[in-house]
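Working notes, structure below.
The values are calculated or read from the model by the stated rules, or taken from the named source; none is laboratory data. Since the model is a prediction, treat every value here as computed from it, not as a measurement. Cβ atoms come from the backbone with ideal geometry, glycine included; neighbour counts cover every protein chain shown.
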Amino acid sequence: MPVLAAAFALTALLYASVGFGGGSTYSALLALSGVDYRLLPIVSLLCNLVVVTGSTMRFARAGITPWRGAVLLTAIAAPAAFLGGLTPIREAVFLTLLGASLVLTGLTLLVPRTSVQDGEPSPLARWIPLAAAPIGYLAGLVGIGGGIFLAPLLHIVRWDSARAVAATAALFILVNSAFGIAGQLIKSGPDMVGAALAFGLPLLVAVAVGGQAGSLLALKFLPQKAIRWLTAALTIWVGARLLLAN
């Protein structure tokens with residue numbers, strides 16, 4: 001457990017520094033450690049909640065969150081995240097989807113970031129809500145928040161400023177994680193959620209510490225580009241290991 005907790009803290013540090021929760025990597029680390037796959041999405045979504053709650057509150061207090069657009073995307077995605085959490089899935093399918101999601105996650109971190117500050121919004125920006133439901137469903141199914149997929153799309157179409165995109169992603173992850181847990185609770189029952197909490201309590205503490213450190217790191221030390229590359233490398237490596245082991 002100490003090694004796993006340290007890995008969770010490092011993951012939270014890296015992901016929080018680029019505005020995400022890290023749910024997919026938490027699940028992969030648990031899978032590679034041999035933890036019951038039914039616990040994976042619950043523990044990961046709980047960790048997401050711990051990491052992004054503070055970010056969401058800070059963005060809201062600073063007046064950065066574009067509430068109209070952020071709430072629209074989140075409202076579309078949240079019911080789909082709930083359905084994803086409800087969906088029964090075999091272990092082999094779950095691990096394959098998780099590994100593929102991780103590799104894709106790592107690649108999305110390498111997408112150049114643009115915003116309305118770099119030009120007018122793309123005409124494609126109006127179609128972004130169509131992507132919210134599929135992202136939400138995948139989020140609930142494999143135990144991620146989905147912001148890691150949403151944010152690159154928002155940057156590509158210059159949906160809003162970079163800070164507004166980060167704020168939107170944080171809210172998106174927070175709400176989807178909560179709805180995903182609700183679906184997992186109905187599917188697996190309170191005993192499974194209780195087992196996930198009992199097992200994952202040290203990991204929740206670890207990501208709380210790592211998440212705070214990540215916010216500080218992003219603000220005062222490493223540049224965002226360097227952090228994104230480190231996070232992408234970690235994510236792709238873990239995802240590839242999971243695919244090869246499955």
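So for region 7-17 (the condition being of a type in the set (F, W, Y), touching a Gly at 6+ places or on another chain (Cβ under 6 Å) and either buried (at least 24 other Cβ atoms within 10 Å of the Cβ) or assigned to a helix (DSSP H, G or I) (or both)), does at least one residue qualify?
Yes, some residue in region 7-17 is of a type in the set (F, W, Y), touching a Gly at 6+ places or on another chain (Cβ under 6 Å) and either buried (at least 24 other Cβ atoms within 10 Å of the Cβ) or assigned to a helix (DSSP H, G or I) (or both).
So which pairs qualify, if the first residue must be in region 154-170 and surrounded by fewer than 24 Cβ atoms within 10 Å (Cβ to Cβ), the second must be assigned to a helix (DSSP H, G or I) and β-branched (V, I, T), the Cβ gap must be under 8 Å, and the two must be at least 6 apart or on different chains?
H155/V165; R158/V116; D160/V116; D160/T168; S161/V116
Taking region 24-67 only, how many residues are free of Cβ contacts under 8 Å to residues at least 60 places away in the same chain, of a type in the set (A, V, I, L, M) and in a loop (DSSP other than H, G, I, E, B)?
Number of matching residues: 1.
Going by the structure shown, is A81 over 14 Å from V165 (Cβ atoms), buried (at least 18 other Cβ atoms within 10 Å of the Cβ) and modelled with pLDDT of 85 or more?
yes
Taking region 186-208 as the search range and keeping residues that are surrounded by 16 or more Cβ atoms within 10 Å (Cβ to Cβ) and under 19 Å from the mean Cα position of the chain (by Cα), which one is modelled with the lowest pLDDT?
G200
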